[in-house]
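Report on the following structure.
The values are calculated or read from the model by the stated rules, or taken from the named source; none is laboratory data. Source: prediction; values computed, not measured. Virtual Cβ from ideal backbone geometry, glycine too; neighbours counted across all protein chains shown.
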């Protein structure tokens, strides 16, 4: 690349990828360290699950708010705030000597991640204009996201076995510090405070409470079933709060957390519908395969992490190839084809037989379904963020990330119910679980047909008048 602008754009891409890698990594990096930290800090069984759930709930619950903050208060400022919160919480969690401290810091990490994840996507979509350059940038960002999810299990095993569970958190400290310095150098200064608009506090409270309640209800369904009191309370409360959010956001004045003009865009509403179903397919995969490798194949932490290497490589290869295929066939066609490819991989995985070794039962399906997942990530991300005006880029990013997390939580809760009838981590459970996931992938392909056709994203919506209020609906 040549020129100062190109060099800065490359630096911004590297910064966004590094920050996103940290966020995705910490979803799974502590999983294989749970037995060690339980022994070290004295967690009971209930408290231990909150090391994982605390991060997931805070992350999902605050994503909409985190995305909108970047639009209102400046992308550099919000990205630095997210980095700072995430890094400090990682340091405090890594040094924790009591269960309550670690659990609290995991929740603060999730909050920092909810601010950081939409910001990484926002700085990309505002640095790279719609077209091939943005597609290539999103392909790299998607590949890094895919690598982060799978690398968490491997890196967690290496750090736990070689050093201590504490380093699954402390590793974020130097990375976060370097990323913060890079952000100060690469991202333009934010606008003066007088140019900013007030945050939609009612919308922020309703969105955060509603999404958190929904995810809480879904996590309880994994343990108590769909008719358990906690499940029904979470799902019902979330539905009420999000219904209230829709009504509040339709006000003709104020500054909505999710602007109505944004969700009226076909790429946004249709793309998020596809993302919801795709999240239900892909996110639960890591959970069930990890259980299978540890409970059926009796792998340790490090071996389980190594077992995910084909998934990592397949996802990276698919994401990098996606930008080339998008230019030739268009985003919608690639989403349909990649969903069907993933369906074939999951269907193959569902044919696993008792006594199959890793090479016979897992290796081949891993390459096919992860390639499908990698190919899907770039075109769906490009589609969902296309057409939005730069002033709504953070809201679009936050909405997409929220939809993906909700889909994953819903899919995991439903599939745990399916697995429970067949022995959860057993080979017998894997067959119906991945058959259902294959069907969901086909549904993703069918749903993608409502997306705009063609290889080019639609033109961005024109900016409304300079008045701070959102236009009436």
Exercise. Just one of 415, 451, 430 is within 23 Å of residue 384 (Cα to Cα) and either at pLDDT 70 or above or assigned by TED's automatic domain parsing to the domain that holds residue 393 (or both); which is it?
Worked result: 451
Exercise. Of (1) surrounded by fewer than 19 Cβ atoms within 10 Å (Cβ to Cβ); (2) over 20 Å from the mean Cα position of the chain (by Cα); (3) within 28 Å of residue 143 (Cβ to Cβ), residue 47 satisfies all except one. Which?
Worked result: (3)
Exercise. Based on what the data block shows, is residue 330 under 24 Å from residue 442 (Cβ atoms) and either out of contact with any helix residue (DSSP H, G or I) (no Cβ under 7 Å at 6 or more places or on another chain) or not assigned by TED's automatic domain parsing to the domain that holds residue 140 (or both)?
Worked result: yes
For this session: Filter the range 25-54 down to the residues that are part of a helix (DSSP H, G or I) and farther than 24 Å from residue 293 by Cα, then identify the one that is modelled with the lowest pLDDT.
Result: 47
Exercise. So residue 132 clears everything in (1) surrounded by fewer than 22 Cβ atoms within 10 Å (Cβ to Cβ); (2) over 30 Å from residue 332 (Cα atoms); (3) over 23 Å from the mean Cα position of the chain (by Cα); (4) in contact (Cβ under 8 Å) with a residue 24 or more places away in the chain except one condition, right? Which one?
Worked result: (2)
For this session: Could you tell me whether the range 103-124 includes any residue that is assigned by TED's automatic domain parsing to the domain that holds residue 306 and over 29 Å from residue 218 (Cβ atoms)?
Result: yes
Exercise. Only one of (1) surrounded by fewer than 16 Cβ atoms within 10 Å (Cβ to Cβ); (2) touching a helix residue (DSSP H, G or I) at 6+ places or on another chain (Cβ under 8 Å); (3) within 30 Å of residue 391 (Cβ to Cβ) is not met by residue 209, so which one is it?
Worked result: (1)
For this session: Could you identify the single residue in 104, 19, 7, 33 that is over 30 Å from residue 299 (Cα atoms) and in contact with a helix residue (DSSP H, G or I) (Cβ under 6 Å, 6 or more places away or on another chain)?
Result: 19
Seminar exercise, completed: Scanning the range 352-396 residue by residue, the ones that are outside any helix (DSSP H, G or I) and touching a helix residue (DSSP H, G or I) at 6+ places or on another chain (Cβ under 6 Å) total 5
Exercise. Any idea which residue in the range 234-250 is modelled with the lowest pLDDT, counting only those that are exposed (fewer than 15 other Cβ atoms within 10 Å of the Cβ) and more than 25 Å from the chain's Cα centre (by Cα)?
Worked result: 250
